[in-house]
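J.: Sending over a structure as structure tokens; questions will come in a sec.
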Amino acid sequence: MSTRRRIDAAVSFARRRADAKPRRAGPRGRVTGLLLLMLAFTGILSAHAAGNAPAGEKESIKAITALIGDAACDSDSQCKTLAVGAKACGGPEYYLAWSTKRTDAAALREAAKNDVTFTRNMAANRGGASNCVFVSDPGAYCAAANGTHLDPASKEAGTCRLRTAGRVPVD
């Protein structure tokens, strides 16, 4: 069921209840009403989390990931991080790793800036809120195919990845 239909059903139910003969709500009635409200709210949140995000939000992330491409690298110096999205209280939602080897940095920064603007506008229109937890920049490194830190002496190409909690992975 779409989010819009869930909201319409909840409003319709509330109107029918308002038109009904007024009665004093006992503890059971209050609990039932609270449970119905929680179910409606959970349905709306799960519909959004299941991928029913606005089309513009999906398109801005697709543009960013297309610019990043395969994030190929030969050394750690080519790996950078990009702050993506915007929380309602400030700061990015998350970070992505990218490589200077094949990515146009100016175009990527512009796409990220557009995503931040779009995300902030959507949050303002929806009356959005966030958890306001600070997301720190984890940094990036050049990883070998098996996920370990790429040996600079090897001829193997690597992929830029985010560090875990700001630490360099152990080989």
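The values are calculated or read from the model by the stated rules, or taken from the named source; none is laboratory data. This is a predicted model, so every value here is computed, not measured. As a convention, Cβ positions derive from the backbone with ideal geometry for all residues, glycine included, and neighbour counts pool all protein chains shown.
J.: Would you point out the residue of the stretch 146-162, among those that are of a type outside the set (A, V, I, L, M, F, W, C), touching a strand residue (DSSP E or B) at 6+ places or on another chain (Cβ under 8 Å) and at pLDDT below 90, that is surrounded by the most Cβ atoms within 10 Å (Cβ to Cβ)?
T.: Residue satisfying both the conditions and the ranking: HIS149.
J.: Looking at SER136, SER99, SER130, which one is polar (S, T, N, Q) and touching a strand residue (DSSP E or B) at 6+ places or on another chain (Cβ under 6 Å)?
T.: Unique residue meeting the criteria: SER99.
J.: Would you check if SER99 is loosely packed, with under 13 Cβ neighbours inside 10 Å, of a type outside the set (Lys, Arg), closer than 22 Å to ARG163 by Cβ and at pLDDT 90 or above?
T.: Criteria not met by SER99.
J.: Being outside any strand (DSSP E or B) and hydroxyl-bearing (Ser, Thr, Tyr) is the filter here; which residues of the stretch 90-114 pass it?
T.: The answer is THR100, THR103.
J.: Take the residues in the stretch 115-145 that are surrounded by 12 or more Cβ atoms within 10 Å (Cβ to Cβ) and in a loop (DSSP other than H, G, I, E, B); name whichever of them is farthest from the chain's Cα centre (by Cα).
T.: ALA144
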